[in-house]
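Take a look at the structure below.
Here, each number is a calculation from the coordinates, and none is a lab measurement. Only a predicted model underlies this, so the values are computations on that prediction, with no experimental measurement involved. All Cβ positions, even for glycine, are placed from backbone atoms using ideal geometry, and neighbour counts span all protein chains on display.
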Amino acid sequence: MDDIQQLKYLFKLKEVDRRCRVLERHESTAEHIYSSQILTQYFLPKISQELDELKIMKLTLYHDLVEIEAGDTFVLDEEGRKTKKEREKQAMAHIKATVPKELAAEIETYWQEYEVNESMEAKFCHAVDAIDPAIQCLYHKEHWQQEGFTEEWLEARKARFVEFPVLLAFFEEIVSQLKEKGHV
């Protein structure tokens, strides 16, 4: 496989659908990465912790590449979540064997750091990853009601990732708006 084909493989992330909507279609995982990077640039200057911006950008860029092979596992898909880690581990092995070797080790390193979620940069990325779909779906009442999201679920599942006061306040504002609009 030549470099062009190997790089084009990574473009398949644009073809992976998520449950959030963009206009009348599903959002792609690549679009999720883009909006997460926008949120990163917005929030980084607002937090008190000193974080490695380049590391955060790479964590955000690479953390969902496994979805090329494993697909996106919807947060409320309890059955899919049972096999998610193993499917994504296998997907990473395939990705490493498929992409240019100059990228393979870097992709795996940042993906693993995100998965372990111990560094402050990984925790920041998890927080942004939790906020992004909430913003994306904020104005789609039918999505929140159709999927069965509740305020309690949001607090229990999402707030645990939001360890930065500025991000927590922002997340709480989203939940407040969802309640005001009758979405949850």
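Key figures for this structure:
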{"quantity": "With at most 13 other Cβ atoms within 10 Å, longest stretch of the chain clear of loop GluC sites (Glu not before Pro) (DSSP)", "calculated": "51-117"}
{"quantity": "Rounded to 10°, Cα long-axis angle of helix 78-98 versus longest principal axis of the chain", "calculated": "30"}
{"quantity": "Interchain or long-range residues, amide H under 5 Å from R21's placed H", "calculated": "E27"}
{"quantity": "GNM flexibility winner over the chain from A130, A93, A30 (Cα, springs under 10 Å)", "calculated": "A93"}
{"quantity": "Pair T83, I47: separation of 7 Å Cα→Cβ label points (nm)", "calculated": "3.4"}
{"quantity": "Fully extended contour minus Cα-Cα distance, from E102 to K8, at 0.36 nm per residue", "calculated": "32.4 nm"}
